[in-house]
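Student: One structure, as structure tokens, below. Some questions next.
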Amino acid sequence: MTAKQPPSKKQASDKQGFATRAIHAGQEPEPATGAVNVPIYASSTYVQEEIGKHKGYEYSRVSNPTRDRLETNLAALEGGVASRVFASGMAAINAVTSMLKAGDHVLAGHNLYGGTPRLFNQVLVNFGLTFTYVDTSDLKAVERAFEKNTRLVFVETPTNPLMELCDLKAICELGHKHGAEVVIDNTFMSPYFQRPIEFGADMVVHSTTKFLNGHSDGLGGVVVCTKAEQAEKLAFLQKTAGAIMSPFECWLILRGVKTLAVRMLQHDCNGGGVADFLSKHKKVKKVFYPGLVDHPQHELAKRQMSGFGALISFETGSLANANKMLRRVRVCSLGESLGGVETLISHPATMTHAALGEEGRRKIGITDGLVRISVGIEDVEDILGDLDQALGAI
Ligand SMILES: Cc1ncc(COP(=O)(O)O)c(C=O)c1O
């Protein structure tokens, strides 16, 4: 009997469908043994045959085989040329802004995940970067906010937690007209429902902590690039600043993305059901969800997203009401974060957006009664039943 040969390498290409790429791009069987899962290369260093002669790996801050596979996979899902992964979503955003230099101006959406303006306003301003915040759903306001030294436009769509949309094609055209690169934080949609590079974005970032991982068991971030120079600069920042993703966390995401397509379909289906239920509930004053026909940008949502996702915010009327209902949830878990298989419910004013301060929140419309829900993939009847009994406390 001849020794077993490793299985032939399946070439994943852009021509394959999304779910196929999620399972196979960068996830080819391991050549030495045929293992179908990418191994966790838990090694900080690599043996060299002689000075300068090695197999492409020298030290794991610089590169690691598990990380390489994940970077290949995520680039394939977003349609970029390469990607670079970091220790968290914030580390990824920090890496993007570290590509700038003192004197550069950043034009940012006024309603971002609270940690992003915290990084901009409390850290990066000390290094000579300047920031202007603008409602990116208002393109005229965006156009007026450009300055001669604007190098980067940083946008989330839909925004967190108010679910406002930005026209991706239009903002990319505007950014390019003014000589700036456009970076989209695509965490809320995942590449399954929205691929900003197809609309002209220069880079896409994600907190992989959310839908890409999908199981609330690891932190991470990624920057997907459209140009080799961006990927080179970011690889330099991985090596130099060192905020890299560990091989174990890379493996968790490689495993998580294999079910991204089916998870997102179920998230979307349950999200639609919950939004519909909340919009008819007498205790709920307002629902923010781009899938509802009365969302002011529903048509834009249909144009640039292939699903509406699982993030919904709703108004309970007051901090006391929000607290009463949040204390009562049982199937939904009260906690920060989003994008896991479990339904997570949170209070933006005291959690994700606390750093904005009362005035900052008031300016953009985040009230004390606002509750955000990241609808999971449990049986939707159980989520609805839980929300109904919890809202009964108001
Ligand atoms: C839209 C968005 N971007 C970035 C981040 C930051 O990601 P991380 O918590 O992985 O640092 C978050 C976290 O909640 C987020 O919601």
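Student: Percent antiparallel among DSSP beta bridges with both residues in the chain, to the nearest 5? Don't skip to the answer; put the middle values down first.
Tutor: On the way: 24 of 43 bridges.
Among the beta bridges of the chain, antiparallel pairing accounts for roughly 55 percent.
Student: If you consider only alpha-carbon coordinates, what radius of gyration and Dmax does segment 205-336 have, in Å?
Tutor: In order Rg, Dmax, the Cα atoms of segment 205-336 give 18.7, 55 Å.
Student: Only sites in a loop by DSSP and with at most 10 other Cβ atoms within 10 Å count here; which chymotrypsin sites (Phe, Trp or Tyr not before Pro) in segment 238-299 make the cut? Mind dumping the intermediate values first?
Tutor: Values: sites: 248, 251, 277, 288; in loops: none.
Sites meeting the loop and neighbour criteria: none at all.
Student: By how many nm would the segment from residue 336 to residue 389 lengthen if fully extended, with 0.36 nm per residue of separation less the alpha-carbon distance? Don't skip to the answer; put the middle values down first.
Tutor: Details: separation 53, 0.36 × 53 = 19.08 nm, distance 2.14 nm.
Working it through step by step, the gained length comes to 16.9 nm.
Student: For a quick check: with amide H placed at 1.01 Å from N, whose amide H comes under 5 Å from residue 209's, ignoring anything fewer than 5 positions away on the same chain?
Tutor: 89, 220
Student: Taking just the C-alpha trace of segment 95-242, give me its Rg and Dmax in Å.
Tutor: Expressed in Å, the Cα Rg and Dmax of segment 95-242 come to 14.6, 43.
Student: A further question follows. Among 291-302, 89-100, how do they line up by average Cβ neighbours within 10 Å per residue, starting with the highest? Write down the numbers at each step before the final one.
Tutor: Working: 291-302: 15.2, 89-100: 22.2.
Ranked from most to least packed, the peptides come out as 89-100, 291-302.
Student: What does the helix-only formula give at 222 nm for the chain: each DSSP H stretch with n ≥ 4 adding -39500 (n - 2.57), the total divided by the residues, and the result rounded to the nearest 500 deg cm²/dmol?
Tutor: Working: 14 runs with 142 residues, N = 394.
Mean residue ellipticity, 222 nm, calculated: -10500 deg cm²/dmol.
Student: Related question: Using the structure shown, list the pairs from 140/302; 283/324; 210/282; 15/177; 140/285; 210/324 with a Cα-Cα distance above 24 Å, or answer none. Don't skip to the end; give the middle numbers.
Tutor: On the way: 140/302 22 Å; 283/324 12 Å; 210/282 31 Å; 15/177 31 Å; 140/285 30 Å; 210/324 27 Å.
Violating the 24 Å limit, Cα to Cα: 210/282; 15/177; 140/285; 210/324.
Student: What is the distance, in nm, between label points placed 7 Å from the Cα along the Cα-to-Cβ direction at residue 123 and at residue 140?
Tutor: Reported label-point gap for residue 123 and residue 140 is 3.7 nm.
Student: Explain nothing, just compute: Karplus ³J(HN,Hα) = 6.51 cos²θ - 1.76 cosθ + 1.60, θ = phi - 60°, for every residue of segment 115-132 in order, whole Hz, x for Gly and Pro.
Tutor: Using θ = phi - 60°, the values come out as x, 6, x, 4, 4, 5, 7, 10, 10, 6, 4, 6, 10, x, 8, 10, 10, 10 Hz.
Student: Within segment 137-191, report the trypsin sites (Lys or Arg not before Pro) that DSSP leaves as loop and that have at most 12 other Cβ atoms within 10 Å.
Tutor: On the way: sites: 140, 144, 148, 151, 169, 177; in loops: 148.
Of the trypsin sites (Lys or Arg not before Pro), the ones in loops of segment 137-191 whose Cβ has at most 12 other Cβ atoms within 10 Å are 148.
Student: Set the Förster radius R0 to 35 Å, insert the Cβ-Cβ distance between residue 102 and residue 327 as r into 1/(1 + (r/R0)^6), and round the FRET efficiency to 0.05. Show your work: numbers first, answer last.
Tutor: Numbers: r = 47 Å, r/R0 = 1.35.
About 0.15, to the nearest 0.05.
Student: Then there is this: Which cross-chain or sequence-distant (5 or more) residues have an amide H under 5 Å from the amide H of residue 185, H modelled 1.01 Å from N in plane?
Tutor: 155, 156, 157, 205
Student: From the gyration tensor of the Cα coordinates in segment 90-154, what semi-axes in whole Å does the equivalent ellipsoid have, largest first, with each one equal to sqrt(5λ)? Before the final figure, lay out the partial values.
Tutor: Details: eigenvalues 68, 41, 17 Å².
After diagonalising the Cα gyration tensor, the semi-axes are 18, 14, 9 Å.
Student: Ranked from highest to lowest mean number of other Cβ atoms within 10 Å per residue, what is the order of the peptides 367-375, 127-135?
Tutor: Working: 367-375: 23.9, 127-135: 16.2.
The densest-packed peptide leads the list: 367-375, 127-135.
Student: Okay, next question. So what does log10 I(q)/I(0) come out to for segment 278-353 at q = 0.11, 0.13, 0.22, 0.23 Å⁻¹, using the Debye formula with one equal point on every Cα and no solvent?
Tutor: Relative scattering, expressed as log10 I(q)/I(0), comes to -0.33, -0.46, -1.16, -1.21.
Student: By the gyration tensor of its Cα atoms, with a ≥ b ≥ c the square roots of the eigenvalues, what is the shape of segment 125-170: rounded for a/c under 1.5, prolate for a/b over b/c, or oblate?
Tutor: Numbers: a/c = 2.41, a/b = 1.50, b/c = 1.61.
The shape class here is oblate.
Student: If you don't mind, another one. Could you give the C-alpha radius of gyration of the chain expressed as a fraction of 2.2 N^0.38 Å, taking N as the number of residues it contains?
Tutor: Normalised Cα radius of gyration, the chain: 1.01.
Student: With θ set to phi - 60° and the Karplus curve 6.51 cos²θ - 1.76 cosθ + 1.60, what are the ³J(HN,Hα) couplings of segment 16-33 in order, to the nearest whole Hz, using x for Gly and Pro?
Tutor: Those phi angles translate into 6, x, 4, 5, 5, 5, 4, 8, 10, 5, x, 10, 4, x, 5, x, 5, 10 Hz.
Student: May I ask you to list the residues of segment 36-52 whose amide nitrogen lies under 17 Å from a point 7 Å from Cα along the Cα→beta-carbon direction of residue 262?
Tutor: Flagged as within label range: 37.
Student: Still on this structure, I have one more. Lys and Arg at +1, Asp and Glu at -1: add these up for the other residues within a Cβ distance under 15 Å of residue 112 and post the number.
Tutor: On the way: positive: 118, 210, 361, 363, 372; negative: 135, 156, 164, 185.
Its environment carries a net charge of +1.
Student: Next question. Which ³J(HN,Hα) values, rounded to whole Hz and listed in residue order, are derived for segment 98-103 from phi using the Karplus coefficients 6.51, -1.76 and 1.60 in 6.51 cos²θ - 1.76 cosθ + 1.60 with θ = phi - 60°, glycine and proline given as x?
Tutor: Here the 3J(HN,Hα) series is 6, 7, 8, 9, 3, x Hz.
Student: Which lysines have a Cα lying under 16 Å from the Cα of residue 101, excluding residues fewer than 8 positions away in the same chain?
Tutor: 148, 233
Values in this text are rule-based calculations from the coordinates and carry no lab data. Treat the numbers as computed from the prediction; the structure is a model and nothing was measured. FYI the Cβ positions are ideal-geometry reconstructions off the backbone, even for glycines, and counts take in every protein chain you see.
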